[in-house]
Amino acid sequence: MTPKVYINGKLFDKPDAKVSVYDHGFLYGDGVFEGIRVYDGKVFRLAEHIDRLYDSARHIYLEIPMSRDQMTEAVISTVKANAKRDGYIRLVISRGAGYLGLDPRKTSDPQIIIIVDDITMYPPELYENGMEIVTASTIRNHPHALDPRIKSLNYLNNIMAKVEGAKAGALEALMLNHKGEVAECTGDNIFLVKRGVLKTPPTDAGILEGITRGAVIELARAADIPVAEMALTRHDVYTADECFLTGTAAEVIPVIKCDGRPIGTGKPGPITRQLRERFQKLARE
Ligand code: PMP
């Protein structure tokens with residue numbers, strides 16, 4: 001079935017789903033977005049994604065011409081129209097078409113776009129055996145330049161780091177912040193386990209506050225695993241007992257090597273496995 005794409009209240013077949021080349025989302029990366037999962041016909045943590053979307057929009061002075069409830073309804077109806085039991089939703093709000101010039105006041109009509117398609121995850125063997133990451137030399141955006149808490153349409157920062165990772169043979173790259181601390185990976189948050197404590201960088205390390213990250217923290221607390229949101233360095237990564245990444249597309253994926261150093265035993269650890277299983281259960285509940 002051809003995917004049906006929602007644009008401003010109407011559904012279009014994928015080949016007909018188009019926006020203007022004058023759209024500032026296209027010209028300048030001026031807009032915000034969300035990536036959301038559908039598990040067994042149910043949208044995972046939709047309210048949290050909608051909240052993050054509106055927060056991102058608020059930060060960039062983008063007024064979404066629709067209430068949160070209407071947005072929620074639009075997402076659910078687009079999923080239904082695509083008859084997808086399991087898939088990925090890309091919700092995009094771009095600034096809209098305007099003159100050639102940065103000023104958003106010269107634009108009109110923010111475009112509300114909802115794409116529902118198949119989900120691409122990491123190769124299955126990596127969930128079983130763990131993945132390798134490398135540290136990128138490109139640091140994560142300084143929060144005073146473009147706050148990583150905004151999920152903006154401008155992902156060049158992460159793309160540069162992703163390319164560095166790919167050139168070094170890794171599917172994901174670790175990004176440090178302007179202080180040299182661990183921030184996150186290019187499209188995933190990072191967790192470490194050390195002596196039974198689950199550790200992850202805090203929001204003020206300059207990260208996207210992942211919805212999956214939040215769910216995993218809740219699951220860990222419910223399982224009596226102590227959680228610390230704290231500044232971490234590469235030393236902490238190299239000397240961790242376990243490491244894993246979280247993300248909407250990635251779910252929970254073990255990391256077994258960073259910058260050529262094996263992490264812990266060099267195999268996915270027990271707390272990682274436990275949290276992965278608990279997350280999969282939660283997502284399909
Ligand atoms: N960090 C970045 C930079 C991301 O783009 C994403 C989303 N792909 C994440 C973390 C994970 O966030 P979430 O769990 O909400 O998908």
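Numbers below:
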item: Residues of the chain: accessible area per residue with a 1.4 Å probe, Å²; result: 48 Å²
item: Formal net charge of residues neighbouring Asp109 (Cβ-Cβ distance under 15 Å; K, R +1; D, E -1); result: +2
item: Of Leu198, Ala173, Thr120, farthest towards positive along the dipole that unit charges on Lys, Arg, Asp, Glu beta carbons give the chain; result: Thr120
item: Most to least packed among 68-81, 116-129, 140-153 [average Cβ atoms within 10 Å]; result: 140-153, 68-81, 116-129
item: Under 26 Å from Lys162, Cα to Cα: lysines that are on another chain or at least 8 residues apart; result: Lys151, Lys179, Lys199, Lys257, Lys267
item: Cα-based Kirkwood hydrodynamic radius, region 1-141, one decimal, Å; result: 16.6 Å
item: Radius of gyration, Dmax [region 124-284; alpha carbons; angstrom]; result: 14.4, 40
item: Cβ-defined net charge surrounding Lys80, 13 Å radius [Lys, Arg +1; Asp, Glu -1]; result: +3
item: Length-normalised contact order for the chain - Cα pairs under 8 Å, 6+ apart - percent; result: 17 percent
item: Cα centroid of region 30-106 to Cα centroid of region 112-146, whole Å; result: 19 Å
item: Gain on full stretching of the segment that runs from Glu128 to His59 - 0.36 nm per residue minus C-alpha separation; result: 20.9 nm
item: Net dipole in debye of region 1-134 [+1 Lys, Arg Cβ; -1 Asp, Glu Cβ; about Cα centre; nearest 20]; result: 420 debye
item: Computed over the chain, Cα set: Rg, Dmax in Å; result: 19.2, 57
item: Of all accessible heavy-atom area on the chain, the percent that carbon and sulfur account for (1.4 Å); result: 53 percent
item: Local electrostatic count at Ser56 - Lys and Arg +1, Asp and Glu -1, tallied over other residues with Cβ under 11 Å; result: -1
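The values are calculated or read from the model by the stated rules, or taken from the named source; none is laboratory data. Since the structure is predicted, the reported quantities are computational estimates derived from the model, not experimental observations. Positions of Cβ are backbone-derived with ideal geometry, glycine not excepted, and every protein chain shown enters the neighbour counts. Side chains are part of the model used for accessible areas, which takes the heavy atoms of the whole protein and leaves out ligands, DNA and RNA. Shrake-Rupley method; radii C 1.70, N 1.55, O 1.52, S 1.80 Å.
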